[in-house]
Amino acid sequence: MGRDVVGRVVIMRARPSDAGAMARVFVKAFGHRGPLEPVVTNFGVSMEVQPDGCFVALLNSSVIGTGCFFDYGRVAWVGNVAVVPELQRRGVGTAIMLRILGELRARGVETVRLDATEQGRRLYRKLGFVEEYHTIMYRLSREASEEVSYGGVEVLDELPEFALEFDRRAFGADRTHVLASWVRRRAKVLVVARDGYALLRKGFLGPVIARSYGVAKTLVTRAIRLGAQRMIVPSASRDAVRLVEELGAEEVTRCIRMRLGPMYPKDVGGIYGILGCAKG
Ligand SMILES: CC(C)(COP(=O)(O)OP(=O)(O)OC[C@H]1O[C@@H](n2cnc3c(N)ncnc32)[C@H](O)[C@@H]1OP(=O)(O)O)[C@@H](O)C(=O)NCCC(=O)NCCS
């Protein structure tokens with residue numbers, strides 16, 4: 001394979017039928033060892049909620065790179081940026097990002113955010129992104145939460161309006177369509193009436209949004225009893241980090257949250273767990 005690959009690479013909008021090929025690229029790029037099916041589901045969700053937001057890099061008609069965005073209005077999230085290992089460092093990742101940023105600019109998005117790996121960080125810096133804080137993935141501990149009570153948490157299969165309003169205020173934008181897509185895929189909705197809510201998606205917990213530390217603790221504890229194994233915490237929220245550590249969670253990996261454009265939303269108040277690295 002020659003070095004001048006990028007001149008022959010075409011960046012195209014992905015179609016739903018590309019989800020399998022995109023998942024394979026992602027798994028190779030990240031050296032992911034788990035089953036492929038949840039990764040395919042993730043790309044499926046991305047294309048369902050933002051049908052025009054996923055891109056593939058094609059070389060000789062094969063998918064060799066991916067990247068997606070979620071447009072929440074004033075702010076957008078970029079994620080799933082990946083290039084197969086054998087074709088990295090030839091400009092393909094940059095080409096995918098430039099296409100995505102061009103699209104977002106044309107849509108009038110002011111702020112773009114993402115959660116970068118160490119490998120991605122240099123690329124994004126070159127494109128003008130600045131570092132904000134870490135998003136830390138924790139493995140939750142069942143034993144350490146054994147003693148904590150979790151009364152007052154209801155488990156629902158739909159999102160009550162108060163939870164959506166709560167989410168809008170903490171996140172700074174309306175992401176009902178993304179949350180609803182997970183609920184259609186049988187995510188459990190945990191709520192403490194008017195004070196907080198969380199989504200549990202097959203072992204992954206997030207978002208967790210709560211009015212107080214105590215409410216967040218109750219939600220996370222109940223989620224652990226229901227099978228939550230991992231959650232991603234913004235390091236900028238000291239309470240969130242304190243909470244998972246108090247519950248005996250262990251850090252697994254961390255990403256660097258980066259931003260292009262004005263600081264919006266301004267803080268992470270009320271956010272104890274994020275929805276996901278590619279989604280905000
Ligand atoms: C991060 C990732 C998407 C970057 O993709 P990529 O195609 O390698 O990106 P680019 O080639 O555009 O840029 C990467 C580096 O190659 C350099 N580069 C670009 N074109 C080049 C060329 N023709 N020759 C040599 N180097 C080149 C870039 O300057 C950049 O250098 P740096 O790392 O020293 O800053 C890819 O490494 C990847 O999939 N990693 C694993 C998954 C991951 O971490 N994804 C990011 C999630 S946030």
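Only the coordinates and a few stated rules stand behind these numbers; no lab work does. Predicted model only: the values in this text are computed from it and were never measured. Because the Cβ atoms are built from the backbone with ideal geometry, glycine has one as well, and the counts that use them run over all protein chains shown.
With the requirement that a residue be surrounded by fewer than 18 Cβ atoms within 10 Å (Cβ to Cβ) and closer than 23 Å to LEU104 by Cα, what does segment 12-41 give you?
Listed by number, the residues that qualify are MET12, ARG13, ARG15, PRO16.
Could you list all residues from segment 110-121 that are more than 9 Å from the ligand (Cβ to nearest atom) and surrounded by 19 or more Cβ atoms within 10 Å (Cβ to Cβ)? Spell out how you get there, then give the answer.
In the first step, residues of segment 110-121 are kept if they are more than 9 Å from the ligand (Cβ to nearest atom); the result is 110-113.
The answer is THR111, VAL112, ARG113.
Taking ASP267, is it in a loop (DSSP other than H, G, I, E, B), in contact (Cβ under 8 Å) with a residue 12 or more places away in the chain and acidic (Asp, Glu)?
Details: in a loop (DSSP other than H, G, I, E, B): yes; in contact (Cβ under 8 Å) with a residue 12 or more places away in the chain: yes; acidic (Asp, Glu): yes.
Spelling it out, ASP267 is indeed in a loop (DSSP other than H, G, I, E, B), in contact (Cβ under 8 Å) with a residue 12 or more places away in the chain and acidic (Asp, Glu).
Could you count how many residues in segment 37-91 are within 16 Å of ASP115 (Cβ to Cβ), within 12 Å of the ligand (Cβ to nearest atom) and not β-branched (Val, Ile, Thr)?
Residues that pass the stated criteria total 6.
Yes or no, residue by residue, for (1) more than 23 Å from ILE274 (Cα to Cα); (2) within 15 Å of the ligand (Cβ to nearest atom); (3) surrounded by 21 or more Cβ atoms within 10 Å (Cβ to Cβ):
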{"residue": "GLY108", "(1), (2), (3)": "yes, no, no"}
{"residue": "LEU123", "(1), (2), (3)": "yes, yes, no"}
{"residue": "LYS126", "(1), (2), (3)": "yes, yes, no"}
{"residue": "PHE129", "(1), (2), (3)": "no, yes, yes"}
{"residue": "GLU132", "(1), (2), (3)": "no, yes, no"}
{"residue": "LEU140", "(1), (2), (3)": "no, no, yes"}
{"residue": "SER145", "(1), (2), (3)": "no, no, yes"}
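Restricted to segment 1-59, and to residues that are free of Cβ contacts under 8 Å to residues at least 12 places away in the same chain and assigned to a helix (DSSP H, G or I), which residue is nearest to ASP71 (Cα to Cα)?
Among those that are free of Cβ contacts under 8 Å to residues at least 12 places away in the same chain and assigned to a helix (DSSP H, G or I), it is SER17.
Mind checking whether some residue in segment 223-245 is touching a Cys at 6+ places or on another chain (Cβ under 9 Å), assigned to a loop (DSSP other than H, G, I, E, B) and closer than 30 Å to MET47 by Cβ? Please lay out each step first, then the result.
Here is the first cut: in segment 223-245, the residues touching a Cys at 6+ places or on another chain (Cβ under 9 Å) are 232.
With the extra rule that they be assigned to a loop (DSSP other than H, G, I, E, B), the set shrinks to none.
There is no residue in segment 223-245 that is touching a Cys at 6+ places or on another chain (Cβ under 9 Å), assigned to a loop (DSSP other than H, G, I, E, B) and closer than 30 Å to MET47 by Cβ.
So which residues in segment 16-35 are away from the ligand (no atom under 16 Å from the Cβ) and either under 18 Å from the mean Cα position of the chain (by Cα) or of a type in the set (S, T, N, Q) (or both)?
Taking segment 16-35 and keeping what is away from the ligand (no atom under 16 Å from the Cβ), we get 16-20, 35.
Passing the criteria: SER17, ALA19.
Are there strands (runs of 3 or more DSSP E) fully within segment 86-190 with at least 1 residues that are charged (D, E, K, R), touching a residue at least 40 places away in the same chain (Cβ under 8 Å) and under 19 Å from PHE69 (Cα atoms)? List them.
On the way: elements: 111-116, 130-139, 154-156.
The strands (runs of 3 or more DSSP E) meeting that bar are 111-116, 130-139.
Identify the residue in segment 68-97 that is of a type in the set (Gly, Ala, Ser) and over 13 Å from VAL56 (Cα atoms) and, among all such residues, is surrounded by the most Cβ atoms within 10 Å (Cβ to Cβ).
Start the filter on segment 68-97 by keeping residues that are of a type in the set (Gly, Ala, Ser), which leaves 73, 76, 79, 82, 91, 93, 95.
In the following step, the residues that additionally are over 13 Å from VAL56 (Cα atoms) were identified as 73, 76, 91.
Working: GLY73: 13, ALA76: 26, GLY91: 18.
Out of the qualifying residues, it is ALA76.
Out of the residues in segment 231-280 that are out of contact with any helix residue (DSSP H, G or I) (no Cβ under 8 Å at 6 or more places or on another chain) and among the polar types (S, T, N, Q), which is nearest to GLN119 (Cα to Cα)?
Restricting to residues being out of contact with any helix residue (DSSP H, G or I) (no Cβ under 8 Å at 6 or more places or on another chain) and among the polar types (S, T, N, Q), the top hit is THR253.
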